[in-house]
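A quick write-up on the structure given underneath.
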Amino acid sequence: MKYYLLILTQQDFIKSVYPVPEDLPDVIFFDNNCQLQAHLSKQKDQFFKSIIMPVDVFHFKSKHKETDDFCRKHCNPAKWTELADGNGKWIFNLSAAEQVNAWIGGYLAMVCEMLAHQYDFFLDEMIKHRNEMVLEHLANAGQAPYYVPHFVV
(Lines give C-alpha, C1' and ligand atoms only; values in the text may rest on other atoms or scores of the structure.)
Protein backbone atom coordinates (compact mmCIF):
# COMPACT_ATOMS: atom_id res chain seq x y z
CA MET A 1 0.00 0.00 0.00
CA LYS A 2 1.30 3.44 -0.91
CA TYR A 3 0.68 6.46 1.29
CA TYR A 4 0.75 9.98 -0.03
CA LEU A 5 1.07 13.13 1.97
CA LEU A 6 -0.89 15.97 0.46
CA ILE A 7 -0.28 19.42 1.84
CA LEU A 8 -2.60 22.07 0.50
CA THR A 9 -1.80 25.72 0.86
CA GLN A 10 -4.48 28.39 1.09
CA GLN A 11 -3.86 29.27 -2.54
CA ASP A 12 -4.29 25.62 -3.58
CA PHE A 13 -7.52 25.36 -1.61
CA ILE A 14 -8.99 28.53 -3.13
CA LYS A 15 -7.93 27.43 -6.60
CA SER A 16 -9.64 24.06 -6.06
CA VAL A 17 -12.88 25.86 -5.18
CA TYR A 18 -12.52 28.44 -7.97
CA PRO A 19 -10.47 26.76 -10.72
CA VAL A 20 -10.98 29.62 -13.18
CA PRO A 21 -9.95 33.18 -12.19
CA GLU A 22 -13.21 34.54 -13.64
CA ASP A 23 -15.12 32.48 -11.05
CA LEU A 24 -13.35 34.09 -8.09
CA PRO A 25 -15.46 36.30 -5.82
CA ASP A 26 -14.71 40.01 -5.79
CA VAL A 27 -13.41 39.84 -2.20
CA ILE A 28 -11.76 37.07 -0.19
CA PHE A 29 -11.38 37.82 3.52
CA PHE A 30 -8.91 35.54 5.22
CA ASP A 31 -7.19 35.96 8.58
CA ASN A 32 -3.86 35.13 7.00
CA ASN A 33 -4.15 37.15 3.77
CA CYS A 34 -0.93 39.01 4.58
CA GLN A 35 1.13 35.85 4.44
CA LEU A 36 -0.90 34.49 1.53
CA GLN A 37 -0.33 37.65 -0.51
CA ALA A 38 3.37 37.71 0.36
CA HIS A 39 3.62 34.10 -0.80
CA LEU A 40 1.71 34.84 -4.02
CA SER A 41 4.00 37.79 -4.68
CA LYS A 42 7.14 35.66 -4.24
CA GLN A 43 5.69 32.97 -6.51
CA LYS A 44 4.67 35.61 -9.07
CA ASP A 45 1.20 34.03 -9.02
CA GLN A 46 -1.20 36.25 -10.97
CA PHE A 47 -4.28 34.06 -10.42
CA PHE A 48 -5.68 36.38 -7.71
CA LYS A 49 -4.62 39.71 -9.23
CA SER A 50 -8.15 41.01 -9.90
CA ILE A 51 -9.66 40.43 -6.45
CA ILE A 52 -9.55 42.24 -3.12
CA MET A 53 -7.79 40.24 -0.37
CA PRO A 54 -7.91 42.12 2.94
CA VAL A 55 -7.79 40.85 6.48
CA ASP A 56 -10.79 41.69 8.63
CA VAL A 57 -10.72 44.87 10.68
CA PHE A 58 -10.30 43.12 14.03
CA HIS A 59 -7.28 41.15 12.83
CA PHE A 60 -5.79 44.21 11.18
CA LYS A 61 -6.08 46.29 14.33
CA SER A 62 -5.14 43.70 16.93
CA LYS A 63 -3.20 40.85 15.34
CA HIS A 64 -0.77 42.63 13.04
CA LYS A 65 2.21 44.68 14.10
CA GLU A 66 2.23 48.34 13.18
CA THR A 67 5.66 47.72 11.67
CA ASP A 68 4.25 45.15 9.23
CA ASP A 69 4.48 47.37 6.14
CA PHE A 70 3.44 44.60 3.74
CA CYS A 71 0.19 44.01 5.60
CA ARG A 72 -0.52 47.73 5.90
CA LYS A 73 0.07 48.21 2.18
CA HIS A 74 -1.70 45.12 0.81
CA CYS A 75 -4.27 43.92 3.38
CA ASN A 76 -5.66 46.98 5.18
CA PRO A 77 -9.45 46.80 4.66
CA ALA A 78 -9.65 50.61 4.79
CA LYS A 79 -7.71 50.66 1.51
CA TRP A 80 -10.86 49.63 -0.41
CA THR A 81 -13.70 52.14 -0.25
CA GLU A 82 -16.07 49.58 -1.78
CA LEU A 83 -15.96 47.60 1.48
CA ALA A 84 -17.77 50.39 3.34
CA ASP A 85 -21.03 52.21 2.74
CA GLY A 86 -21.25 55.95 2.14
CA ASN A 87 -21.13 56.60 5.91
CA GLY A 88 -17.89 54.69 6.43
CA LYS A 89 -19.63 51.67 8.00
CA TRP A 90 -18.38 48.24 6.89
CA ILE A 91 -20.81 46.42 4.61
CA PHE A 92 -19.55 42.99 5.74
CA ASN A 93 -20.26 41.65 9.20
CA LEU A 94 -17.12 39.59 9.61
CA SER A 95 -17.75 39.04 13.32
CA ALA A 96 -20.91 37.15 12.40
CA ALA A 97 -18.98 35.15 9.81
CA GLU A 98 -16.32 34.27 12.40
CA GLN A 99 -19.03 33.18 14.86
CA VAL A 100 -20.66 30.94 12.25
CA ASN A 101 -17.26 29.44 11.34
CA ALA A 102 -16.65 28.69 15.02
CA TRP A 103 -20.13 27.14 15.30
CA ILE A 104 -19.53 24.93 12.24
CA GLY A 105 -16.13 23.95 13.67
CA GLY A 106 -18.00 22.40 16.60
CA TYR A 107 -19.15 19.65 14.24
CA LEU A 108 -15.65 18.76 13.03
CA ALA A 109 -15.34 15.64 15.18
CA MET A 110 -18.68 14.36 13.85
CA VAL A 111 -18.08 15.01 10.17
CA CYS A 112 -14.38 14.20 9.74
CA GLU A 113 -15.06 10.54 8.84
CA MET A 114 -18.15 11.17 6.70
CA LEU A 115 -18.31 10.73 2.97
CA ALA A 116 -18.92 13.91 0.97
CA HIS A 117 -22.65 13.33 0.43
CA GLN A 118 -23.20 12.57 4.15
CA TYR A 119 -21.16 15.64 5.13
CA ASP A 120 -23.13 17.91 2.78
CA PHE A 121 -26.48 16.56 3.97
CA PHE A 122 -25.59 16.73 7.67
CA LEU A 123 -24.24 20.29 7.60
CA ASP A 124 -27.08 21.44 5.35
CA GLU A 125 -29.60 20.16 7.91
CA MET A 126 -27.68 21.64 10.86
CA ILE A 127 -27.48 25.03 9.14
CA LYS A 128 -31.23 24.98 8.37
CA HIS A 129 -31.96 24.08 12.00
CA ARG A 130 -29.67 26.83 13.31
CA ASN A 131 -31.22 29.40 10.96
CA GLU A 132 -34.70 28.48 12.25
CA MET A 133 -33.49 28.90 15.85
CA VAL A 134 -31.88 32.27 15.07
CA LEU A 135 -35.04 33.52 13.33
CA GLU A 136 -37.18 32.40 16.28
CA HIS A 137 -34.80 34.09 18.75
CA LEU A 138 -34.88 37.35 16.76
CA ALA A 139 -38.68 37.27 16.48
CA ASN A 140 -39.02 36.66 20.24
CA ALA A 141 -36.65 39.60 20.87
CA GLY A 142 -38.96 41.94 18.94
CA GLN A 143 -36.82 42.07 15.83
CA ALA A 144 -38.24 41.63 12.34
CA PRO A 145 -36.36 38.74 10.73
CA TYR A 146 -37.32 37.72 7.23
CA TYR A 147 -36.20 35.47 4.41
CA VAL A 148 -34.73 36.96 1.27
CA PRO A 149 -36.56 35.26 -1.56
CA HIS A 150 -34.52 33.12 -3.91
CA PHE A 151 -34.67 34.39 -7.47
CA VAL A 152 -33.92 32.12 -10.37
CA VAL A 153 -32.05 33.89 -13.12
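Out of (1) in contact (Cβ under 8 Å) with a residue 60 or more places away in the chain; (2) assigned to a helix (DSSP H, G or I), the odd one out for Phe29 is which?
All conditions are met except number (2).
Take the range 102-125 and flag every residue that is over 19 Å from the mean Cα position of the chain (by Cα) and within 21 Å of Val148 (Cβ to Cβ).
The one that is over 19 Å from the mean Cα position of the chain (by Cα) and within 21 Å of Val148 (Cβ to Cβ): Glu125.
Check whether at least one residue in the range 36-56 is under 26 Å from Arg130 (Cβ atoms), touching a residue at least 12 places away in the same chain (Cβ under 8 Å) and aromatic (Phe, Trp, Tyr), and report yes or no.
Checked against the condition, which is being under 26 Å from Arg130 (Cβ atoms), touching a residue at least 12 places away in the same chain (Cβ under 8 Å) and aromatic (Phe, Trp, Tyr), the range 36-56 yields no hits at all.
Being in contact with a Phe, Trp or Tyr (Cβ under 9 Å, 6 or more places away or on another chain) and free of Cβ contacts under 8 Å to residues at least 40 places away in the same chain is the filter; apply it to the range 60-76 and report the residue that is farthest from Pro19 (Cα to Cα).
So the first thing to find is which residues in the range 60-76 are in contact with a Phe, Trp or Tyr (Cβ under 9 Å, 6 or more places away or on another chain), and the list is 71-72, 75-76.
Now drop any that are not free of Cβ contacts under 8 Å to residues at least 40 places away in the same chain, which leaves 71-72, 76.
Details: Cys71: 26, Arg72: 29, Asn76: 26 Å.
Out of the qualifying residues, it is Arg72.
Output the residue which, of all residues in the range 90-135 that are of a type in the set (Phe, Trp, Tyr) and either touching a Pro at 6+ places or on another chain (Cβ under 9 Å) or in contact (Cβ under 8 Å) with a residue 12 or more places away in the chain (or both), is farthest from Ile28 (Cα to Cα).
Phe122
What are the residues in the range 43-77 that are within 20 Å of Ala96 (Cα to Cα) and among the polar types (S, T, N, Q), if any?
Listed by number, the residues that qualify are Ser62, Asn76.
Could you count how many residues in the range 46-71 are surrounded by 12 or more Cβ atoms within 10 Å (Cβ to Cβ), within 20 Å of Gln10 (Cα to Cα) and of a type in the set (D, E, K, R)?
So the answer is 2.
Every residue, every condition in (1) assigned by TED's automatic domain parsing to the domain that holds Lys42; (2) surrounded by 12 or more Cβ atoms within 10 Å (Cβ to Cβ); (3) assigned to a helix (DSSP H, G or I), yes or no:
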{"residue": "Lys73", "(1), (2), (3)": "yes, no, yes"}
{"residue": "Asn101", "(1), (2), (3)": "no, no, yes"}
{"residue": "Met114", "(1), (2), (3)": "no, yes, no"}
{"residue": "Gln118", "(1), (2), (3)": "no, no, yes"}
{"residue": "Phe122", "(1), (2), (3)": "no, yes, yes"}
{"residue": "Met126", "(1), (2), (3)": "no, yes, yes"}
{"residue": "Arg130", "(1), (2), (3)": "no, yes, yes"}
{"residue": "Glu136", "(1), (2), (3)": "no, no, yes"}
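Residues in the range 90-113 that are at pLDDT below 85 and of a type in the set (Ser, Thr, Tyr): how many?
Residues meeting the conditions: 1.
The values are calculated or read from the model by the stated rules, or taken from the named source; none is laboratory data. Since the model is a prediction, treat every value here as computed from it, not as a measurement. As a convention, Cβ positions derive from the backbone with ideal geometry for all residues, glycine included, and neighbour counts pool all protein chains shown.
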